[in-house]
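Colleague: This structure is in structure tokens; I'll ask about it shortly.
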Amino acid sequence: MIAAEQVALSLAAMSALTFGTAKVLDKKGLMGTNSLVGVLYTLVVGPPILLLVSLITGELFFPYNYNMLTVSEAAVAGIFAYALGTILLFASIQIVGAGRAAVMTSSQVIFAPALSILVLGETTCTELIIGTAFIFTGLILVALSTPRAADNVIDTKKFRRGYAIGILSGFFWGASQLFTRTAVVNLGSPTIVSLISYIFAIFGMAVLLLFSSARKKTRIGNASRIFLSGSGVFRVVAALSRAGALSLAAVVLVIPIISISPLITLLLSYLLIQRFELINRRVVIGATFVVMGAIIIALYA
């Protein structure tokens, strides 16, 4: 494996770690808070950090080729992932918990490679198919899991809806990786691409919030503000790491490693917010299948 791919895998692992941690903070921050407001809180943390990074590295003043196509690619990536994908992720978290929502969102590891093969012409292999089968099996196991007897107050149909929302979130996250990949390759700066993505995502969220009934419920508690801001910091690190990885390696190699994040989320959820999580043996086994599939793809893709 060449040095660039080794760096890409390290960045992808960093993205998985920070994104997995962010989803636990999301769960804590969303208690008693509207999901649209929560998304906006996590987003506004991003641009100041990215501007600071670009100032330190000098990328902000570098004469990149800011053509309409590249800016549009970064914008669509931001709207898909940081706006639509995150809204759906937050909605799933509020229904099924951070651990299960994280596993459902990891379905991006199915969507992203499939789209990258069809659209970008990236190649597939037997190991990719086997890894995808492992991940699909894991998702099915989680989807078929039921709440513990003590938690039967949760409606089963509502639970299933939470799973579906999580998978839809995975689609938007997966599709966004294609636009991020092409944008960072064309522009050459993961930091600037991430900054553009964040700006357009914030604009889209602001417009959506303006025309939503949630605009009347923008006030949140201090604790929620702290958790969501913390999540925003972790998300920026995850975004930078993901964009950096995609600038060095193909989608089919990077995204499976990023999809290991549910393991981080499930572990931290169990340790920190167990009483808010409905985690049973089938959920853990399903998450393990997801991780195994991601590892198979990463090793052989």
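Colleague: Would you mind calculating the gained length between Thr57 and Thr123 on full extension (0.36 nm times residue separation, minus the Cα-Cα distance), in nm to one decimal?
Modeller: Length gained, Thr57 through Thr123: 20.4 nm.
Colleague: Multiplying the sequence separation of Ala114 and Ala223 by 0.36 nm and subtracting their Cα-Cα distance, what value in nm do you get?
Modeller: Taking Ala114 through Ala223 to full extension adds about 35.2 nm, to one decimal.
Colleague: Based on DSSP H runs of at least 4 residues, each adding -39500 (n - 2.57), what is the mean residue ellipticity at 222 nm of the chain after dividing by all its residues, to the nearest 500 deg cm²/dmol?
Modeller: One gets -25000 deg cm²/dmol as the mean residue ellipticity at 222 nm.
Colleague: Please compute the modelled spin-label separation between Phe136 and Val207, points set 7 Å along Cα→Cβ, answer in nm with one decimal.
Modeller: 3.6
Colleague: If you build the Cα gyration tensor of segment 15-59 and take the root of 5 times each eigenvalue, what three semi-axes come out, in whole angstrom, biggest first?
Modeller: Each semi-axis is the square root of five times an eigenvalue, giving 26, 14, 6 Å.
Colleague: Please work out the FRET efficiency for the pair Ala3 and Thr156, using the Cβ-Cβ distance as r and a Förster radius of 45 Å; give the result to the nearest 0.05.
Modeller: 0.35
Colleague: Only Cα pairs under 8 Å and at least 6 apart count here; give the relative contact order of segment 3-300 as a rounded whole percent.
Modeller: 42
Colleague: Going by C-beta contacts inside 10 Å, put Val39, Val237 in order with the fewest on the left.
Modeller: Val237, Val39
Colleague: Thinking of the chain as a set of Cα atoms, what percent of all their pairs are more than 26 Å apart?
Modeller: Counting pairs separated by more than 26 Å, the tail of P(r) holds 40 percent.
Colleague: I've got another one for you. Have a look at Thr156, Ala22, Ala250 and report the one farthest towards the positive end of the charge dipole of the chain, computed about the Cα centre with Cβ charges (Lys/Arg +1, Asp/Glu -1).
Modeller: Checking the options against the dipole of the chain, the answer is Thr156.
Colleague: Of Met205, Ala12, Gly188, which is farthest along the charge dipole of the chain in the positive direction, counting Lys and Arg as +1 and Asp and Glu as -1 at C-beta?
Modeller: Among Met205, Ala12, Gly188, the one farthest towards the positive end of the dipole of the chain is Met205.
Colleague: Quick check for me: using +1 on Lys/Arg Cβ and -1 on Asp/Glu Cβ, what's the dipole size of the chain about its Cα centre, in debye to the nearest 20?
Modeller: 1260
Colleague: Now for a different question. How would Phe172, Phe136, Phe159 line up from fewest to most surrounding beta-carbon atoms within 10 angstrom?
Modeller: Phe136, Phe159, Phe172
Rule-based calculations on the coordinates, nothing more; no lab input. All of these numbers come straight from a predicted model, not from anything done at the bench. Please note: Cβ atoms are built from the backbone with ideal geometry, for glycine as well, and neighbour counts cover all protein chains shown.
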